[in-house]
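A.B. asks: Have a look at the structure that comes next, please.
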Amino acid sequence: MQNPKLKQLHDKWLMEATIDEMQEKLSSKEITSVDLVHMYLYRISHFDGEIRSVLEVNPDALHIAAALDLERAQKGSRSGLHGIPILLKDNIDTGDKTHTTAGSLALDGHVAMKDSFVAAKLREAGAILLGKTNMTEWANFMTIGMPSGYSSRGGQTLNPYGEFDVGGSSSGSGAAIAANFAAASIGTETSGSILNPSLKNSLVGIKPTVGLVSRSGVIPIAHTQDTPGPMARTVKDAAHVLTAIAGWDNTDSATLSNPRSGINYASLLKETSLKGYRIGIAGKPFSNRLNKHKIKMIEDAIECLRELGAEIVEDIVIPSAEEKWGYEVLVYEFKPDLNAYLRSTSPSNKNRSLSDVIAFNYKNPKAMLKYGQKLLVDSEETSGTLLEKEYINALEKDQYLTREQGIDFALKQHNLDAIFFGGDRGSEIAAKAGYPTVIVPAGYIPNGEPFGVSFTGTAFSEETLLKIAYAFEQATKHRKAPVLKEESRK
């Protein structure tokens, strides 16, 4: 960097700076939001060449930062995110000059006509939408066997920690924040797509209750399971983002089931004692096939929770723990949900239905069908009306077994505040229930691969989960930044 002040800040301060620390320097005028954008753009251009986590940068980011700096000087700060750069997954609409393609060349050139609810809420909070991140194409609902982080638009995203799976489908959102290309990012989850890349990239990920955060303007998979959520380097950073993006939205009826709105999750994170909390440990089959290093990290995490004052209930009963889960609900919901989204896009978008996307892929097999499109075809073969018995039965079964005979059963049976899982092993049961999970770094195995632990609760229990996760994080502080190789982005 040519500016010696920014070079020193970049080299000595920025790498693991929290959002609160950024706000302190912004408030004291030690830095500006323009400075933050310059430093992040430098990092993306010099360190993302091999990682390939960022697809494009918002060309107006520096102008937006300057306007927010002026507003801060004249009126003060809007929120904890005022002037803070945030990256968004490539399936989240932004009504600006960046594209929204779900990683697919079938939507190449598609620019949303307006902000998604999430993007609008971030702008309202004063965040700078810095750009879009790569993702597993169609949020990993294109085919069986596609590698995490691969898309026809962005190629293969790699893990900044080394030759490990980058996690999917919010792969770029995870890798970019692990490598510190923005303060935080937005991912989306249908089943594991925030939690898994957070685990793999040593991040805090919040998979919210379905309905806490609106899905309006997000390219969908399944309306009963989809949710956007934050990915960040600390629990409090993630809580700042969740505070900004949560809220009622009349265009997404799921949000109207939220009993409360306007919670400042970050402001709740003060106590580091867990006295009075009861946490249940999900044992087998949720710990099967984990290596000895990960088992040791799980045991250490449980012991830490005890030392923090939590009452630990070992080997809790989850009646549906060994259920063999299918993906029938996703196959049936994807077609009508995607068709509804595509119908609402700009007239310039030529592929306006799932059948159009499939036909485009068949016409361009070299670029589009490297791994096939089995799930797209399977979904297209459904009626799109959600009338099939298989769908209705699968939906009712999934929700009953993951709620009444799953998470809620365990919480009530053992009088628990949360359920502890090693890694992201509970992601599928929480996804089908539509219930929240927070995942937190728990260390690294000897070869450097990141690992984490997660906390799951009932609907809209994010406050409790974040308090537990925060106390664990503050007691352990496992996260460390990856060592990156500098290489100019081609």
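Read-outs: derived from the displayed coordinates by stated rules, not from any lab. Note that the structure is a prediction, hence the values are computed from the model and not measured. Virtual Cβ from ideal backbone geometry, glycine too; neighbours counted across all protein chains shown.
A.B. asks: At 7 Å along the Cα-to-beta-carbon direction for both N415 and Y362, put a label point, then send me their distance in nm to one decimal.
C.D. replies: Simple spin-label model gives 6.1 nm for this pair.
A.B. asks: Straight distance only, please: which lysines reach the Cα of K284 with their own Cα at less than 24 Å, same-chain residues fewer than 8 apart left out?
C.D. replies: K200, K207, K292, K294, K296, K324, K397, K412, K432
A.B. asks: A further question follows. May I ask you to list the lysines whose Cα is less than 17 Å away from that of K366, ignoring any residue fewer than eight positions away on the same chain?
C.D. replies: Correct list for K366: K374.
A.B. asks: Moving to a separate point now. Quick one: which residues, 5 or more positions from V54 or on another chain, have an amide H under 5 Å from its amide H? H modelled 1.01 Å from N in the peptide plane, none for Pro or chain starts.
C.D. replies: Amide H neighbours of V54, under 5 Å, 5+ apart: N134.
A.B. asks: 7 Å from Cα along Cα→Cβ at both M15 and D60: what's the point-to-point distance in nm?
C.D. replies: Label-label distance for M15 and D60, simple model: 3.5 nm.
A.B. asks: What would the Debye formula give as log10 I(q)/I(0) at q = 0.13, 0.29, 0.32 Å⁻¹ for the alpha-carbon point model of the range 397-444, no solvent?
C.D. replies: -0.31, -1.15, -1.26
A.B. asks: If amide hydrogens are placed 1.01 Å from N in the peptide plane, which non-local residues have theirs closer than 5 Å to the one on S116?
C.D. replies: D93, T94, G95
A.B. asks: Once amide H atoms are placed 1.01 Å from N in the peptide plane, what residues at a sequence separation of 5 or more from V313, or on another chain, have their amide H within under 5 Å of its amide H?
C.D. replies: So V313 has HN proximity to I279, G280, I281.
A.B. asks: Listing W138, W325 from the residue with the fewest other Cβ atoms within 10 Å to the one with the most, what is the order?
C.D. replies: W325, W138
A.B. asks: Further, regarding this structure: Relative to 2.2 N^0.38 Å, what does the C-alpha radius of gyration of the range 222-322 come to as a ratio? Two decimals please.
C.D. replies: 1.38
A.B. asks: Which value results for Rg/Rh of the range 115-183 when Rg is the Cα radius of gyration and Rh the Kirkwood radius based on the inverse mean 1/r?
C.D. replies: Ratio value, two decimals: 1.03.
A.B. asks: Across the range 30-40, in residue order, what do the Karplus-derived ³J(HN,Hα) couplings come to in whole Hz, using 6.51 cos²θ - 1.76 cosθ + 1.60 with θ = phi - 60° and x for Gly and Pro?
C.D. replies: My calculation for the range 30-40 gives 6, 9, 10, 5, 4, 4, 4, 5, 4, 5, 5 Hz in order.
A.B. asks: Could you check the simple spin-label distance between S45 and S257, using points 7 Å along Cα→Cβ, in nm with one decimal?
C.D. replies: Reported label-point gap for S45 and S257 is 4.7 nm.
A.B. asks: May I ask you to derive the FRET efficiency for R306 and N447 from their Cβ-Cβ distance with R0 = 35 Å, giving the value to the nearest 0.05? Intermediate values should be presented prior to the final figure.
C.D. replies: Values: r = 28 Å, r/R0 = 0.81.
So, using R0 = 35 Å, E works out to roughly 0.75.
A.B. asks: Looking at the calculated P(r) for the range 367-490, what percent of the C-alpha pair distances fall above 19 Å? Write out the running numbers ahead of the final one.
C.D. replies: Details: 4940 of 7626 pairs.
Counting pairs separated by more than 19 Å, the tail of P(r) holds 65 percent.
A.B. asks: Related question: So what is the relative contact order of the range 233-376, in percent, for Cα pairs below 8 Å that sit 6 or more residues apart? Walk me through the numbers on the way to the answer.
C.D. replies: Values: 101 pairs, mean separation 23.9, N = 144.
Relative contact order comes out at 17 percent.
A.B. asks: Another question, if that's okay. Taking 0.36 nm per residue of sequence separation and subtracting the Cα-Cα distance, how much length would be gained by fully extending the chain between N291 and V377, in nm to one decimal? Don't skip to the answer; put the middle values down first.
C.D. replies: Working: separation 86, 0.36 × 86 = 30.96 nm, distance 3.67 nm.
Full extension of this stretch gives 27.3 nm more.
A.B. asks: Neighbour counts of other C-beta atoms within 10 Å: give me T32, T98 arranged from fewest to most.
C.D. replies: The most exposed by this proxy come first: T32, T98.
A.B. asks: Can you compute the radius of gyration and Dmax for the chain, using only the Cα atoms, both in Å?
C.D. replies: Reported Rg and Dmax, both Å: 21.3, 66.
A.B. asks: So, one more: Arranged by the count of other C-beta atoms within 10 angstrom, fewest first, what order do R403, R43 take?
C.D. replies: Values: R403 19, R43 22.
Starting with the residue having the fewest Cβ neighbours, the order is R403, R43.
A.B. asks: Computed over the Cα atoms, what is the radius of gyration of the range 8-47 divided by 2.2 N^0.38 Å, N being its residue count?
C.D. replies: Taking N as the residue count of the range 8-47, the ratio is 1.11.
A.B. asks: Sticking with this one: What number in nm² do you get for the range 77-206 if you take the convex hull of its Cα atoms and divide its surface by four?
C.D. replies: Computing the convex hull of the Cα atoms and averaging its projections yields 7.6 nm².
A.B. asks: So which trypsin sites (Lys or Arg not before Pro) in the range 296-340 end up in coil per DSSP with only 13 or fewer other C-beta atoms within 10 Å?
C.D. replies: K324
A.B. asks: The range 273-328: Rg/Rh from Cα coordinates, Kirkwood Rh? Spell out each step's value before the answer.
C.D. replies: Details: Rg = 13.7 Å, Rh = 12.9 Å.
In the range 273-328, Rg relative to Rh is 1.06.
A.B. asks: Taking the inverse of the average 1/r across all pairs of different Cα atoms in the range 145-189, what Kirkwood radius in Å do you get? Show your work: numbers first, answer last.
C.D. replies: Numbers: mean 1/r = 0.0932 Å⁻¹.
For the range 145-189, inverting the mean 1/r across all distinct Cα pairs yields 10.7 Å.
A.B. asks: Lysines near K114 by alpha-carbon distance under 19 Å, same-chain residues fewer than 8 away left out - which ones?
C.D. replies: Within the straight-line limit of under 19 Å, K114 reaches these lysines: K89, K97, K132, K350.
A.B. asks: Next question. Please list 3J(HN,Hα) in residue order for the range 50-65, calculated via the Karplus relation 6.51 cos²θ - 1.76 cosθ + 1.60 where θ = phi - 60°; whole Hz, with x for glycine and proline.
C.D. replies: Here the 3J(HN,Hα) series is 8, 5, 6, 8, 9, 7, 6, 10, 5, x, 9, 4, 5, 5, 5, 4 Hz.
A.B. asks: Report the FRET efficiency, 1/(1 + (r/R0)^6), for I392 and K350, where r is their Cβ-Cβ distance and R0 is 41 Å, rounded to 0.05.
C.D. replies: Result of the calculation: an efficiency of 0.75.
A.B. asks: With θ set to phi - 60° and the Karplus curve 6.51 cos²θ - 1.76 cosθ + 1.60, what are the ³J(HN,Hα) couplings of the range 196-206 in order, to the nearest whole Hz, using x for Gly and Pro?
C.D. replies: For the range 196-206, the Karplus curve yields 5, x, 5, 4, 6, 10, 6, 10, 8, x, 10 Hz.
A.B. asks: Based only on Cα atoms, what mean projected area does the convex hull of the range 156-251 have, in nm²? Can you show the working numbers first?
C.D. replies: On the way: hull surface 23.7 nm².
Mean shadow area of the hull around the Cα atoms is 5.9 nm².
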